[in-house]
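Mind having a look at this structure? Questions to follow.
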Protein chains: 2
Amino acid sequence: MTGPEVTSRRRGRRTRTESAGTRDRILTVAREEFSERGYDKTSVRGIAKAAGVDPALVHHYFGTKEQIFAAAIEVAFAPALNAPDAVADGPLDGVGERLTRFIFGVWENPATRTPLLAILRSAVNNETAAGVFRRLIASQLMRRVAAQLDAPDSELRAELAAAQLVGCAMMRYVIKLEPLASVDIEQVIARVAPVVQGHLTGR
Amino acid sequence: MTGPEVTSRRRGRRTRTESAGTRDRILTVAREEFSERGYDKTSVRGIAKAAGVDPALVHHYFGTKEQIFAAAIEVAFAPALNAPDAVADGPLDGVGERLTRFIFGVWENPATRTPLLAILRSAVNNETAAGVFRRLIASQLMRRVAAQLDAPDSELRAELAAAQLVGCAMMRYVIKLEPLASVDIEQVIARVAPVVQGHLTGR
């Protein structure tokens, strides 16, 4: 081996764009591997093999398995990470409905639901994965939502609101408990939005 | 082999009590296996081996792997199945606090939390396990809570209340998001009980 990257191109012709392409390809493969196998059963070696690169290159771009997972779920979780914008996009007395509608929008769409489910599975199964997920939602979601609330306990408020939404997602999309699994989503939003509003701005 | 049961005792001396003992031992082992390995990686053969019996005897007592899982989680989930009694044990306008306090009591105790976490893991990871869990909580929990409410949509109400409680458990005990993970449980109950009350009896 002459270097960490294994490609069919000659090293001399590699450009910055090609490196970015390789990095993206590894990240896409990592997302798929973590999604299909879960955190425990995914290995750096397996990601490297599926991406057609040397494991050293995966380490070079992303670091440890934990760090690759962090990068992969940040991409997979990206749609949900727009939630703070939904919170910011209007007056505070409509925040419950905006946030609830936004979150269920992400869950109702199979294309965005599937990666969320995969992250949830890894987080429930593995302490390290749970830690990565915890740091992601704390920094990218909870703190950003909390920052828009005018209350000393704003982070706890954001988390209790999130708990109602996460619990609904568990019951509707994972456990698939009836009638909640089949009831029209507008009916769910009508019941849940006031609760989310209450947690965020109540009393 | 002379029969499905493999024990050191002579067949002629076996009694009804011994059979019950064997059945219980298999169930205990099954609970441990499902809890440690999850639904996917647990096999009837593995349960039989750990219990020191023939796989045919496990099938004889419990049926399929899915049916063994159903029996095992009914035992593991037993503490939570007293929730409908907590609901019944007082006036309807205090039901939110009674149910919330009861459920967090189960989750706060490591001895009852551990089997709940194991069931949750299996249900999130495997569709068959999710189905078994769904049928158990539908028949033993949701319908029994709903039966005590005086509303046409009582099952949906029970499920939305459960969603708030399940979501809090996910955030506090699985993802361990701060401040929710460390805040005094009485503070959580004070915030969540009115929401549960609202879902169950509101408007």
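Can you bin the protein assembly as shown into rounded, prolate or oblate? Criterion: square roots of the alpha carbon gyration tensor eigenvalues sorted a ≥ b ≥ c, rounded for a/c under 1.5, prolate for a/b above b/c, oblate for the rest.
Judged from the Cα gyration tensor, the protein assembly as shown comes out oblate (a/c at least 1.5, b/c at or above a/b).
Right, next: Closest approach to the A-B rotation axis by any Cβ of A: residue and distance in angstrom?
Per the Cβ-to-axis criterion, the result reads A:167, 1.
Let me ask another. Within the set A:41/A:65; A:65/A:176; A:41/B:176, which residue pairs have Cα atoms separated by over 21 Å? Can you show the working numbers first?
Values: A:41/A:65 11 Å; A:65/A:176 32 Å; A:41/B:176 23 Å.
Among A:41/A:65; A:65/A:176; A:41/B:176, the Cα-Cα distance tops 21 Å for A:65/A:176; A:41/B:176.
Run the helix sum for the protein assembly as shown: -39,500 (n - 2.57) per DSSP H stretch of 4+ residues, divided by residue count, reported at 222 nm to the nearest 500 deg cm²/dmol. Each step should come with its number before you reach the end.
On the way: 22 runs with 276 residues, N = 406.
Only helices count here, giving -21500 deg cm²/dmol.
Follow-up question, since we're still on this one. Within 10 Å of each Cβ in B:177-187, how many Cβ atoms from other chains are there, averaged over the peptide?
The shielding value for this peptide is 4.
Given a cut-off of under 8 Å on Cα pairs at least six residues apart, what relative contact order in percent is computed for chain B?
RCO, chain B: 22 percent.
Label segment A:11-64 by shape, choosing from rounded, prolate and oblate, from the square roots a ≥ b ≥ c of the eigenvalues of the Cα gyration tensor; if a/c is under 1.5 it is rounded, and otherwise prolate applies when a/b is larger than b/c, oblate when it is not.
prolate
Give the average, rounded to an integer, of partner chain Cβ atoms located within 10 angstrom of each Cβ in B:168-176.
Working: counts 7, 4, 9, 9, 2, 0, 8, 13, 4.
Going residue by residue through B:168-176 and averaging, the value is 6.
Turning to a different aspect of this structure: How far apart, in nm, are the 7 Å Cα→Cβ label points at residue A:24 and residue A:81?
The two pseudo-label positions are separated by 1.6 nm.
Between residue A:93 and the same site in the other copies, what are the distances in nm, shortest first, taking label points 7 Å from Cα along the C-beta direction?
Relative to the other copies, residue A:93 has label-point distances of 2.8 nm.
Same structure, new question: Given label points at 7 Å from Cα along Cα→Cβ, what nm distances, shortest first, separate residue B:131 from the same residue in every other copy?
Reported distances to equivalent positions: 3.7 nm.
Which whole number gives the average count of other chain Cβ atoms within 10 Å of the Cβ atoms across peptide A:153-160? The partial results should precede the final answer.
Values: counts 4, 0, 5, 8, 1, 2, 12, 10.
Mean inter-chain Cβ contacts per residue within 10 Å come to 5.
On to the next question. Extension gain residue A:112-residue A:190, at 0.36 nm per residue separation less the Cα-Cα distance, in nm?
Taking 0.36 nm per residue and subtracting the Cα distance, the gain is 25.9 nm.
Same structure, new question: I want to check the label-to-label distance for residue A:74 and residue A:178. Put each point 7 Å from Cα in the C-beta direction and report it in nm to one decimal.
In this crude spin-label approximation the distance works out to 4.3 nm.
I'd like to know how chain B sits against the 2.2 N^0.38 Å rule of thumb: what's its Cα Rg over that expected value?
Relative to the 2.2 N^0.38 Å estimate, chain B comes out at 1.20.
Could you state the number of Å between the C-alpha centres of segment A:136-203 and segment A:79-128?
9 Å
Just the C-alpha atoms of segment A:45-139: what Rg/Rh do they give, with Rh taken as the Kirkwood radius?
With Rh from the inverse mean 1/r over Cα pairs, Rg/Rh is 1.08.
Over the C-alpha atoms of segment A:83-203, what are the Rg and the largest Cα-to-Cα span, Dmax, in Å?
Expressed in Å, the Cα Rg and Dmax of segment A:83-203 come to 14.2, 39.
Follow-up. Relative contact order of segment B:11-64: what whole-number percent is it, with Cα pairs under 8 angstrom and at least 6 residues apart? Each step should come with its number before you reach the end.
Values: 25 pairs, mean separation 15.7, N = 54.
Relative contact order, segment B:11-64: 29 percent.
Every read-out reported here was derived from the displayed coordinates using simple, explicitly stated rules and does not represent laboratory data. It should be emphasised that the depicted structure is a prediction, and the values quoted were computed from it without experimental measurement. All Cβ positions, glycine included, derive from the backbone under ideal geometry; neighbour counts span all protein chains shown.
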